[in-house]
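Novice: Input: one structure, supplied below.
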């Protein structure tokens, strides 16, 4: 059995559910009896056959509604591995640091290309960090306090999964000076990120090697699955950029969150409209059971 979960950024009604069930039947997925998770917010449509056809039949059809299609038996996840910048927080930290140096536009343009998969991530990171050489170390704390905002739904997602026995790991191509406090605030078990090199209170323009990139993210996911002794289908990975693709493909449910096109096209699920709490609805968890 499979479940298609419809999750509204705003609200939707029984008419939308009925139309969705009809589309599943027309796609040859079998009959579906819709069930609300939270009325007007999220609902499940169980069905018996062809999840690829089901996703094609429902994806993008209903305005403001995200659709997640997955096997019913493994929809509850025991592990989440998540990206940080533009996923668990609303900004790209390196771009915000560059703003303090007066070069945000230059650095942000490279970040955008790297996240779209147009540039090698590690080389692009080295090039951007080099532009920050000489920046006062105190700017990091200022940037964290003034610019970094937790993504809506992040705390509920991570804290609820951990309260249900899950493990949560933040793996970022960004920097430990941001990832560690962000992970602590949201509720992750641990954080992995790049370390900015600093001498005499100023950034040297380099990061410690090896760089945390796509391979680290995928390896972290796979190692956590083995360590926890869980079915890989019980794992969830979420991110927005090209350096998240490997872990997204390796996870039981790989999610592109408000993602770049290369990621959105490759992921098994996309959240284009809602916030991160949509991934609790994808697991069938009612709002009354979320941990704030």
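Every number in this text was worked out from the coordinates using simple rules, so none of it is lab data. Bear in mind that the values here come from a model prediction, so they are computed numbers and not experimental data. Here Cβ is always computed from backbone atoms with ideal geometry, including for glycine, and neighbour counts include all displayed protein chains.
Novice: Grab the eigenvalues of the alpha-carbon gyration tensor for the range 1-75, scale each by 5, take roots, and send me the semi-axes largest first in whole angstrom.
Specialist: Each semi-axis is the square root of five times an eigenvalue, giving 17, 13, 11 Å.
Novice: Now a separate question. Averaging over every viewing direction, what projected area does the convex hull of the Cα atoms of the range 91-161 cover, in nm²?
Specialist: Approximately 5.9 nm², given one-decimal rounding.
Novice: Sorted from largest down, what three extents in whole angstroms do the Cα atoms of the chain have along their principal axes?
Specialist: Rounded to whole Å, the extents work out to 66, 37, 30 Å.
Novice: Set the Förster distance to 41 Å, then compute FRET efficiency between residue 35 and residue 208 from the Cβ-Cβ distance, nearest 0.05.
Specialist: With a Förster radius of 41 Å, E is 0.25.
Novice: If you don't mind, another one. Please give the peptides 31-37, 107-113 ranked by average Cβ packing (other Cβ atoms within 10 Å per residue), highest first, as a rough proxy for protection.
Specialist: Sorting 31-37, 107-113 by mean packing, highest first, produces 107-113, 31-37.
Novice: Provide the packing ranking of 72-84, 199-211, 261-273, 245-257, i.e. peptides ordered by the mean count of other C-beta atoms within 10 Å per residue, highest first.
Specialist: Highest mean packing first, the order is 245-257, 72-84, 261-273, 199-211.
Novice: Extending each Cα 7 Å along its Cβ direction at residue 219 and residue 63, get the distance between those two points in nm, one decimal.
Specialist: Between residue 219 and residue 63, the simple spin-label model gives 4.8 nm.
Novice: How large is log10 of I(q)/I(0) for the range 186-256 at q = 0.18, 0.26, 0.29 Å⁻¹ when the intensity is taken from the Debye formula with one equal scatterer per alpha-carbon?
Specialist: -0.77, -1.19, -1.30
Novice: Follow-up. Calculate the length of the line joining the C-alpha centroid of the range 139-198 to that of the range 233-288, in whole Å.
Specialist: That distance is 17 Å.
Novice: What is the range 61-187 by shape, rounded, prolate or oblate, if you read a ≥ b ≥ c off the alpha carbon gyration tensor as root eigenvalues and call it rounded for a/c under 1.5, prolate for a/b larger than b/c, and oblate otherwise?
Specialist: prolate
Novice: Bin width 10 Å, alpha-carbon pairs only: give the P(r) of the range 5-138 as whole percents, running from 0 to the bin holding the largest distance.
Specialist: In order of increasing distance, the bins hold 11, 28, 19, 19, 17, 6, 0 percent.
Novice: Here is a further query. Treating the angle as unsigned and between 0 and 90°, give the value, to the nearest 10°, between the Cα long axis of helix 138-147 and the longest Cα principal axis of the chain.
Specialist: Once rounded, one gets 30 degrees.
Novice: By DSSP, what percent of the beta bridges with both residues in the chain are antiparallel, rounded to the nearest 5?
Specialist: So the antiparallel bridges amount to about 50 percent of the total.
Novice: Here is a follow-up. Can you give the angle from 0 to 90° between the axis of helix 14-26 and the longest principal axis of the chain, with both taken from C-alpha atoms, to the nearest 10?
Specialist: Taking the Cα atoms of the chain, the angle to 14-26 is about 80 degrees.
Novice: Taking the range 1-44 on its own, what percent of its Cα-Cα pair distances exceed 14 Å?
Specialist: Considering the range 1-44, 43 percent of its Cα-Cα pairs are separated by more than 14 Å.
Novice: Run lengths n ≥ 4 of DSSP H only: what is the helix-derived mean residue ellipticity at 222 nm for the chain, with -39500 (n - 2.57) per run over all residues, to the nearest 500?
Specialist: -11000 deg cm²/dmol
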